[in-house]
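Only one structure is covered here, and it is reproduced in the block below.
The values are calculated or read from the model by the stated rules, or taken from the named source; none is laboratory data. All values derive from a computational prediction rather than experimental measurement. Cβ atoms come from the backbone with ideal geometry, glycine included; neighbour counts cover every protein chain shown. We work out accessible area using only protein heavy atoms, side chains counted, and drop any ligands, DNA or RNA first. Shrake-Rupley method; radii C 1.70, N 1.55, O 1.52, S 1.80 Å.
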Amino acid sequence: ADGSIRRLRARKGVVVAGGTLASSRLLADSGITGTGSGISLNIACPVIALMPEGTDMRAWDEDQMTSYVDRGDFLLESHFQPPMSMASMMPGWFDAHGQRMRAYNRLASAGILIPADRCGQIKSGALSFKLRDDVELPLLRRALATLVKVHFAAGAEEVYPALARGQVLRPGDDIDGFFAAAIREPDDV
């Protein structure tokens, strides 16, 4: 805390637990080569659903995350966002956005979690990370489509995946076709 430098010696080994970025930087600064490459991370993406009139989700009165479903190559996770976080993920501008947020009591939310195995590296002290078109992007599309279908099976009237263009899905839409067209590159999510 005071900025002083101490030298430590270990006879058998050292555990570095500073997180992906800090540990890679610490090891590189210590002269250990080959660090900061092949970084793996989990990618999470929320999907919000508007449930029917008369539904009172009261999600703020519960734990934010309580359960998950393991689909083998991805997870579906329960979660909910406080109003400010929810507003940042809600699509639309001005009146449309305000109308959706006024239905906060009717909003259900969950997310997907996919692995991104060895897609990153530290370059000049910063993380460079790229999802692969043939591995992570198809998995991301499939995981999001699965969660949207779950929301509709639960009675959702509209579903708002966290996409850059703020699209809205409704019952009867071609969900798989939608995600095939909507997610062409990582920046679409």
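Entry remark, region 87-127: residues being surrounded by 14 or more Cβ atoms within 10 Å (Cβ to Cβ) and part of a loop (DSSP other than H, G, I, E, B) number 4 in total.
For region 93-132, the set of residues classified as over 22 Å from Ser23 (Cβ atoms), more than 17 Å from the chain's Cα centre (by Cα) and without any contact (Cβ under 8 Å) to a residue 40 or more places away in the chain consists of Trp93, Phe94, Asp95, Ala96, His97, Gly98, Gln99, Met101, Arg102, Tyr104, listed by residue number. Of the strands (runs of 3 or more DSSP E) lying entirely inside region 22-83, the ones with 2 or more residues being touching a Gly at 6+ places or on another chain (Cβ under 9 Å) and not aliphatic (A, V, I, L, M) are found at 37-50, 75-78. Quickly run through region 128-158 and pick out the residues that are over 15 Å from Ser109 (Cβ atoms) and open to solvent by 70 Å² or more (accessible area, probe 1.4 Å). Selection gives Lys130, Arg132, Asp133, Asp134, Arg142, Lys149, Ala153.
Scanning region 20-57 for residues that are on the phi > 0 side of the Ramachandran plot and at pLDDT 85 or above, we see that the one that is surrounded by the most Cβ atoms within 10 Å (Cβ to Cβ) is Gly36. For region 179-189, the set of residues classified as open to solvent by 40 Å² or more (accessible area, probe 1.4 Å) and either in a loop (DSSP other than H, G, I, E, B) or of a type in the set (Phe, Trp, Tyr) (or both) consists of Arg184, Glu185, Val189, listed by residue number.
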